[in-house]
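Q: Have a look at this one before I ask anything.
Nothing in this text is a laboratory measurement; each read-out follows from the coordinates by a stated rule. On a predicted model such as this, the values are computed, not experimentally measured, just so you know. Heads up, the Cβs are rebuilt from the backbone with ideal geometry, glycines too, and the neighbour counts pull from every protein chain shown.
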Amino acid sequence: MPKVGVWIIGVHGSVAAASIAGAKIIARGLVTPTGLITELPELLDVEFLPFDQMVFGGHDVGKRTVRESFTNLSNEAHIDYKFAEGISDELDTVEGDVRRGITLGCGKVISEVADMPLDLDSIPLVDATKKLVDDIIAFKKKHNLRSIVVVNLSSTEPPPLIGTHTETLDGFEKALQSDRKDLLCASMLYAYAAFKSGCPFINFTPSAGASIPALIELAKKQQVPYVGNDGKTGETLIKSVLALLFKYRAMKVLSWQGYNILGNMDGKVLDEPATKLSKKITKDSVLSQILGYGPHTHVGIDYVPSLGEWKIAWDFIHFEGFLGTRMNLQFTWNGCDSILAAPLVLDLVRLVELAHRRGEKGILPHLALFFKHQLGTDVSDLAGQWDLLLDYLKKAKEERI
Ligand SMILES: NC(=O)c1ccc[n+]([C@@H]2O[C@H](COP(=O)([O-])OP(=O)(O)OC[C@H]3O[C@@H](n4cnc5c(N)ncnc54)[C@H](O)[C@@H]3O)[C@@H](O)[C@H]2O)c1
């Protein structure tokens, strides 16, 4: 199979480093593929993109390299040092395909920590967007790639302003032409550039990305698929399973309080109130969708620098059973964030590449399993989402693609 590009927005980040290093370690057969859905025995006869055919590159605004991020993660997550040693040179070659990004509308923390020259922020939006498109097309030519999948793994942005610029493609392009930097944000420009370059777009973050109607219109027009928003890796993953327990036993959830504490730069960025709001929106929606009513909920997110890559969630669920008796369930989740996220990113790349090869366009509802705020389907529980994926793959196998 010819090589396929994986163009990562936020290529120097922790999830990006875990995904790139993970693909290279798996490709060398150094470790069993635990955590990867596309490697499950029931999916082995689907023709997914092999890991050794993925070529990585991307945009970032910070100078930290892929190798530095992976070394940091390896130390924190106690990953066997032999893995890092074996692939260090390959991680360094990714730097030859890293290009400067844009920080428009990304919030105060990103403006402060971005240490690459931010030339794209000071030129007209039309020129900046053209540069993003040119970077992707040049990457394709340089490596003679069959296609490219663009993945957004950059820091979370505050929610955007909604208006005609988000509602229609015409409105979006008018805002672009008239240089309305007050209306548009970086994740939208990256999604726009991906679609304009003929590439599918995966939004693993809670940022707007391509989820606005204007850009979904563009994805359809350009005949490319799109999936999002916000990878479902920890607390929300458990919620999407546990909520069914209450539903199927006809017990009433009265309150669901969740507290998350996390370190790393993602935690620092989410500590900014406007950015935190984006995350809360995607984390909060799942319960009422599954239960069919809205219990009292709270999602707390606090930055605790000493935790580094580790995220702890403590949830308290107050519920009512037979004869009005009130009981509670509590759980604690202690997850290594980037290690949970990376296999999902790699699965998504393979599944979206498959959909692109099959000529699918617009939102892909069968990939709801991977997201906190799934687009294109009302199915919110994990079991139902799993069935959507298996049904789709069964059909794909029958059609022999
Ligand atoms: N780790 C998880 O379990 C998980 C789950 C769901 C979603 N996410 C989301 O994934 C994203 C990445 O998480 P992470 O832990 O790797 O964060 P990180 O802070 O380690 O990495 C983010 C990277 O994005 C870069 N960046 C920031 N703004 C940018 C811009 N405008 N253009 C280009 N690059 C930019 C940063 O320089 C950094 O290299 C976050 O938005 C996070 O909320 C993570």
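Q: If each DSSP helix of 4+ residues adds -39,500 (n - 2.57) and the sum is divided by the residues in the chain, what number results at 222 nm, nearest 500 deg cm²/dmol?
A: Numbers: 14 runs with 176 residues, N = 401.
Computed ellipticity for the chain at 222 nm equals -14000 deg cm²/dmol.
Q: Taking a ≥ b ≥ c as the square roots of the eigenvalues of the Cα gyration tensor of region 1-115, is the shape rounded (a/c under 1.5), prolate (a/b larger than b/c) or oblate? Numbers along the way, then the final one.
A: Values: a/c = 1.99, a/b = 1.55, b/c = 1.28.
It is prolate, given that a/c is not under 1.5 and a/b is the larger ratio.
Q: While we're here: Return the FRET efficiency for the residue pair residue 113, residue 178: r is the Cβ-Cβ distance, R0 is 41 Å, and the value is rounded to the nearest 0.05.
A: Once the sixth-power term is evaluated, E becomes 0.85.
Q: What order do you get for 169, 244 when you list them from fewest to most C-beta neighbours inside 10 Å?
A: Values: 169 20, 244 17.
Exposure proxy ranking, most exposed first: 244, 169.
Q: Another question, if that's okay. Return the distance in nm (one decimal) between the two label points of a simple spin-label model at residue 241 and residue 394, each offset 7 Å from Cα along Cα→Cβ.
A: Each label point lies 7 Å from its Cα, and together they span 2.3 nm.
Q: Now a separate question. What distance in nm separates the two pseudo spin-label positions at residue 32 and residue 47, each 7 Å out from Cα along the beta-carbon direction?
A: Each label point is offset 7 Å from its Cα along the Cβ direction, giving 2.9 nm.
Q: At 18 angstrom or more along the helix axis (alpha-carbon based) and mean Kyte-Doolittle of 1.0 or higher, what helices does the chain contain? Whole DSSP H runs only. Kindly include the intermediate steps, with their values, before the conclusion.
A: On the way: long enough: 14-27 (19 Å, 1.61); 81-94 (20 Å, -0.29); 125-143 (28 Å, -0.13); 235-248 (20 Å, 1.03); 273-291 (28 Å, -0.08); 337-357 (30 Å, 0.96); 382-398 (24 Å, -0.34).
Helix filter hits for the chain: 14-27, 235-248.
Q: How far apart, in nanometres, would the label points at residue 332 and residue 255 be if each is projected 7 angstrom from Cα along the Cα-to-Cβ direction?
A: 2.1
Q: Follow-up question, since we're still on this one. Rounded, prolate or oblate: which fits region 35-192 when a ≥ b ≥ c are the square roots of the eigenvalues of the alpha-carbon gyration tensor, with rounded for a/c under 1.5 and prolate only if a/b beats b/c?
A: On the way: a/c = 1.93, a/b = 1.55, b/c = 1.24.
Prolate, since a/c reaches 1.5 and a/b exceeds b/c.
Q: Please arrange 377, 275, 93 by how many other C-beta atoms lie within 10 Å of their C-beta, fewest to most.
A: Details: 377 15, 275 26, 93 12.
Going from least to most buried by this count: 93, 377, 275.
Q: In terms of Cα to Cα distance under 27 Å, which lysines are near enough to residue 141, apart from those fewer than 8 places away along the same chain?
A: 3, 24, 63, 130, 131, 196, 220, 221, 361
Q: Go ahead and run the numbers for FRET between residue 75 and residue 323, Cβ-Cβ distance against an R0 of 56 Å, rounding to 0.05.
A: Working: r = 53 Å, r/R0 = 0.95.
The calculated FRET efficiency here is 0.55.
Q: Taking square-rooted eigenvalues a ≥ b ≥ c of the alpha carbon gyration tensor, is the chain rounded, prolate or oblate, where a/c under 1.5 means rounded and, failing that, a/b exceeding b/c means prolate? Each step should come with its number before you reach the end.
A: Details: a/c = 1.36, a/b = 1.27, b/c = 1.07.
Because its axes are fairly even, with a/c under 1.5, the chain counts as rounded.
Q: Run the reach check for residue 232 against lysines, Cα to Cα strictly under 19 Å, same-chain hits fewer than 8 apart removed. What comes back?
A: Cα-Cα hits under 19 Å: 276, 279, 280, 283, 311, 372.
Q: Here is a further query. Starting from the exponent 0.38 and prefactor 2.2 Å, build the expected Rg for region 235-336 from its residue count and divide its actual Cα Rg by it. Write out the running numbers ahead of the final one.
A: On the way: Rg = 14.6 Å, N = 102, 2.2 N^0.38 = 12.8 Å.
After normalising by residue count via 2.2 N^0.38 Å, the value is 1.14.
Q: While we're here: Which order do 350, 64, 249 fall in if you start with the one that has the fewest other Cβ atoms within 10 Å? Before the final figure, lay out the partial values.
A: Details: 350 24, 64 16, 249 10.
Final ranking by Cβ density, sparse to dense: 249, 64, 350.
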